[in-house]
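Inspection log for the structure reproduced underneath, given as structure tokens.
What follows draws every value from the coordinates through simple rules; no lab data is involved. Given the structure is predicted, the values throughout are model-derived calculations rather than measurements. Cβ coordinates were reconstructed from backbone atoms using ideal geometry, including for glycine residues, and neighbour counts include every protein chain displayed.
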Amino acid sequence: MIGLVYTQPIEEGLAYWLSSADVLAQVEAIEASLRDLGHTSVRIPVTRDLKRFVKAVEDAEVHAAFNLCESLDDDPFFVAHPAAVLELLGIPFTGSPSAALQTTTDKHLMKLILRGAGLPTPKSFLYDGTVDTDPREMDFPVIIKPRSQDASIGIDQDSVIEASAALPEALTAFYEAYGPLLVEEYIDGREFNVSLLGSPTPVVLPVAEIDFTTMPDHLHHIVGYRAKWEPDSIAYRETRRVFPQLDPPLAARLNTLATECFQLFGLRDYGRVDLRMDKDGSLHVLEINANPCLSPDAGFPAAAGQAGLDYTAMVAQMTTLLGDRRV
């Protein structure tokens, strides 16, 4: 029996419900693909009640799992805990191990590791109620991101701060809403999403680029929460995913950087690295997504499709990787 382990969505109507409930689309799609492939599966939602979770896993006689957890009770800080429990139970699961999930979800820690490895990433500092870095050392504009949120929660047009004088007030407001923050130099340039599939050496799938060409001039070129989750918004309509024919040298640089990130953080099975190119043509790593969204309309399945893998074929590859795994 394959367990579909996923975050219990928050109550409908609450803030960020759209992104929280998206996990159900992933569960339904993977469930259907596994059925087509001849596998039986069971849904196992996860909350902080780990005793109930362990009992559900044992009662269903789960021998392997698809880990689709993105938080626990809407707290992304605990994103790695379900994976850690599966590791303790000796049950193999898809995607990255708990350590990789923790280090990539914590944006500040991720940046420290990138810099320590000599990989290019925009200058940044952590704000946890006090500023330990002189903002004047930063090149403005900067962008404010919650330290541990995913799905672009807490990121929108007002996250980009144009001048240092406006930063203290913005930090106070964002900190009250989201807790610790990452403040990062904003790179205004092309944005690429590089998806990777396989372990231990992944295959780089066709590179996606975010097309901002029709974005109104008064809006920053970012993929914020509205751009991902609110179809009626300008941001959603004017941030299109495309798969361009890249110049071979640029494609090689993107592939190399993404693969280095995948291996540095110990990602497994599948992942996505988001990068930006500055005005001088230099690439900068923005985000490392250890277990990117697998909804049928999400970026990773789209990249797999560009490589000739339909959704069920993608799930089949992940199932094969899972079958080869030993915890």
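The table below gives the values:
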read-out	value
On Cα atoms only, tilt of 311-323 relative to the major axis of the chain in degrees	70 degrees
Environment charge of THR7, counting only residues whose C-beta is closer than 9 Å and scoring Lys/Arg +1, Asp/Glu -1	-3
Of GLU209, GLU191, GLU260, the one that fluctuates the most in a GNM where the chain has Cα springs shorter than 10 Å	GLU260
Estimated dipole of the chain in Debye, rounded to 20 [Cβ of Lys and Arg +1, of Asp and Glu -1, Cα centre]	940 debye
Longest to shortest principal axis, alpha-carbon extents of the range 187-307, angstrom	43, 35, 24
Between 0 and 90°, nearest 10: helix 50-59 axis offset from the chain longest Cα axis	40 degrees
Inter-probe distance in nm under a simple model that places probes 7 Å from Cα toward Cβ, at SER233 and ASP297	1.5 nm
Dipole in debye (nearest 20) - the range 1-149, about Cα centre, beta carbon charges: Lys, Arg +1; Asp, Glu -1	380 debye
Environment charge at HIS81 (Cβ cut-off 13 Å; Lys +1, Arg +1, Asp -1, Glu -1)	-4
Helix axis angle, 17-36 relative to the chain longest principal axis, alpha carbon, degrees	40 degrees
Residue-averaged 222 nm ellipticity for the chain, from DSSP H runs of 4+ at -39500 (n - 2.57), nearest 500	-10500 deg cm²/dmol
Radius, Kirkwood style, for the range 33-161 when every pair of distinct Cα atoms is counted (Å)	17.4 Å
Per residue, the convex hull volume that the Cα atoms of the range 107-160 enclose (Å³)	106 Å³
Rounded to the nearest 20 debye, dipole of the range 124-185 from Cβ charges on Lys, Arg, Asp, Glu	120 debye
At 1.002 mPa s and 20 °C, Stokes diffusion of the range 124-185 via Kirkwood alpha-carbon radius, µm² per second	188 µm²/s
